[in-house]
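Got a structure for you, written out below as structure tokens; questions coming shortly.
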Amino acid sequence: MGCLVSTPKDTVGNRRRPANIGEVSVYVPGLRIPKPVDFSQSLGDHLSKSLVERLSALRTRIVVMAGQEGPTITRTRRKTATQHGGSTLADLQQALEDYLPVLLGLMKDGSQLQHKVQFVWVNQEDDAEETAMSNAWYEVLSILHLMAMLSFSQANLLLLPRTSSDGYQPKVTEESRRASIDIFIKAAGYLDCAVRHVHPQLPTELKRNLPVDLAEGVLRALCLQALGQGVDIQLGMAIDSTKATLAVKRRLACEMVKYWQQAQDNIMNLPLLNGWGEKHRLFVKWKYVEAKVRCNFYCVFAYALAAIRCCIYYHGLILDEGNTEKFHGMAVAALQAADEYFKESKKACDAFHAAPPLSRNPPLWGTMKYLSEKIPKDTSSKVRINRDLYSHEKIMETAPTLPDFALALKPDEYQLPPVDPSWNMEHMNKGQTGSNQLRNDRR
């Protein structure tokens, strides 16, 4: 059950897209905006006036706030967040959390009320301007998606480098980095819940007609994006730490590749064709290539260390000379691969920022700042030196297979909240009304 209405592109003009979204550390593919709904018309004969009014008030608050926040979700929000602590984003997040338990009452015990209201949302990545569905699970899915996108926006604000009080290069504080990891895990939890617990509630026909913004592949890709960016922050903190070992850094770098590869696999065949959608695809491609830069670079050190360990002298003899050359060659190949991926990542970065809406890279910091200085220098010296030491045949011309590690960072175990207690009172009142009506009939 559930009526579907999709409005063709650009017929109502609700989709307001900025020409330029400023600096981007975390890509937010626009905010889907809810349109007003008349609960009294569809539920007035089924629910008490107080509950209908509460549903209306909670959703209207979201409609107004999201409508104001959507067009200013990017660069103009940076100033507001600095002045007011990002309170608008937090208020909208709270409004969504307040609405969800009351909304879930429409599905309580499989109630048919879930099909009574037509919910309308303005899309961002889909070709259709807006999508309306008479199914409350569509509304829940849209709410979770919006909660995740607000979290992405909060993380982006935290990860934009700011000029430090000491006057040095702009940087991101350790406090902001730690907070962003928590936000990424929380956002991944919303999206994971949407995929595992809400998507299965929708009939097959409605699943096929969901806007691409809410397609399972897009939700999975966004979840993996959140985890991949969380691991990137962990790697940056490991680089800054004197206690983090090479093994830890390599593992984090290689895990990043898996997160972004899976993200790309999930969206590569989806029709992400318009501005936000195409930019989303380019962002995932860019970050996937960047992840391969990191992983190959840290494999260089691992292979070099393995080569050194093979050079064990015992009474003047090298015990494992063959493997020494093998690992040395693998280190050279990994460094060459890192350099090539680094050049490719620059092109992917430029393509992303040039795609509408226009954007720009914030000042380099963290892992990419470190690698942008380290890779060109190491490549120009070490590869030349090693080519003098080893013949062309002994140096692997293709990068060695990257290590395969299990993914450690997991989404937050978010669960849908329990139905608001007001629904229990609703059923009690309905039962009392029915009993009174039965007594009156007997008289």
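The values are calculated or read from the model by the stated rules, or taken from the named source; none is laboratory data. These numbers come from a predicted model, not from an experiment. Glycine also receives a Cβ, built like all others from the backbone with ideal geometry; neighbour counts cover every protein chain displayed. Surface accessibility is based on the protein's heavy atoms, side chains included, excluding ligands, DNA and RNA. Shrake-Rupley method; radii C 1.70, N 1.55, O 1.52, S 1.80 Å.
In this structure, is Ser165 open to solvent by 30 Å² or more (accessible area, probe 1.4 Å), among the polar types (S, T, N, Q) and at pLDDT below 95? Don't jump to the end; show me each part of the working.
Numbers: open to solvent by 30 Å² or more (accessible area, probe 1.4 Å): yes; among the polar types (S, T, N, Q): yes; at pLDDT below 95: yes.
Yes.
Could you look through the stretch 126-148, keep only residues that are touching a helix residue (DSSP H, G or I) at 6+ places or on another chain (Cβ under 6 Å) and small (Gly, Ala, Ser), and pick out the one that is farthest from Leu104 (Cα to Cα)?
So, considering only residues that are touching a helix residue (DSSP H, G or I) at 6+ places or on another chain (Cβ under 6 Å) and small (Gly, Ala, Ser), the one farthest from Leu104 (Cα to Cα) is Ala148.
Keeping to the stretch 257-287, report how many residues are part of a helix (DSSP H, G or I) and open to solvent by 30 Å² or more (accessible area, probe 1.4 Å). Steps first, please.
Applying the first criterion (part of a helix (DSSP H, G or I)) to the stretch 257-287 yields 257-267, 275-287.
Cutting the leftovers down to open to solvent by 30 Å² or more (accessible area, probe 1.4 Å) gives us 258, 261-262, 264-266, 278, 281-282, 285.
Adding up the residues that qualify gives 10.
Looking at Ile239, Ile185, which one is open to solvent by 10 Å² or more (accessible area, probe 1.4 Å) and at pLDDT 95 or above? Before you say what the answer is, go through the steps one by one.
Numbers: Ile239 fails: at pLDDT 95 or above.
Testing whether each residue is open to solvent by 10 Å² or more (accessible area, probe 1.4 Å) and at pLDDT 95 or above leaves just Ile185.
So which residues in the stretch 168-182 are hydrophobic (A, V, I, L, M, F, W, C), in a helix (DSSP H, G or I) and open to solvent by less than 30 Å² (accessible area, probe 1.4 Å), if there are any at all?
So in the stretch 168-182, the residues hydrophobic (A, V, I, L, M, F, W, C) come out as 172, 179, 181.
When the remaining residues are screened for being in a helix (DSSP H, G or I), the result is 179, 181.
The answer is Ile181, and nothing else.
Starting from residues that are among the β-branched types (Val, Ile, Thr) and not in a helix (DSSP H, G or I), keep the ones in the stretch 232-256 and report whichever is farthest from Ala128 (Cα to Cα).
So in the stretch 232-256, the residues among the β-branched types (Val, Ile, Thr) come out as 233, 239, 242, 245, 248.
When the remaining residues are screened for being not in a helix (DSSP H, G or I), the result is 242, 245.
Numbers: Thr242: 51, Thr245: 50 Å.
Looking at the filtered set, the residue picked out is Thr242.
Being modelled with pLDDT under 60 and more than 30 Å from Ile143 (Cα to Cα) is the filter here, so list the residues in the stretch 389-430 that pass it. Give the steps one after another, and end with the answer.
Residues of the stretch 389-430 that are modelled with pLDDT under 60, as a first pass: 389-399, 428-430.
The answer is Leu389, Tyr390, Ser391, His392, Glu393, Lys394, Ile395, Met396, Glu397, Thr398, Ala399.
Turning to a different aspect of this structure: Which helices (runs of 4 or more DSSP H) sit wholly inside the stretch 44-112 and have at least 3 residues that are modelled with pLDDT of 90 or more and either open to solvent by 80 Å² or more (accessible area, probe 1.4 Å) or not acidic (Asp, Glu) (or both)?
On the way: elements: 49-69, 75-84, 87-103.
Helices (runs of 4 or more DSSP H) meeting the threshold: 49-69, 87-103.
I'm trying to understand the selection: among the residues of the stretch 118-143, which are surrounded by fewer than 23 Cβ atoms within 10 Å (Cβ to Cβ) and assigned to a loop (DSSP other than H, G, I, E, B)?
Hits for the stretch 118-143 are Gln118, Asp127, Ala128, Glu129, Ser134.
Out of all the residues in the stretch 188-207, is one or more crowded, with 23+ Cβ neighbours inside 10 Å, more than 12 Å from the chain's Cα centre (by Cα) and assigned to a helix (DSSP H, G or I)?
Yes, there is a match, as at least one residue in the stretch 188-207 is crowded, with 23+ Cβ neighbours inside 10 Å, more than 12 Å from the chain's Cα centre (by Cα) and assigned to a helix (DSSP H, G or I).
Name the single residue, out of those in the stretch 208-232 being open to solvent by 20 Å² or more (accessible area, probe 1.4 Å) and among the acidic types (Asp, Glu), that is farthest from Leu141 (Cα to Cα).
Residue satisfying both the conditions and the ranking: Asp232.
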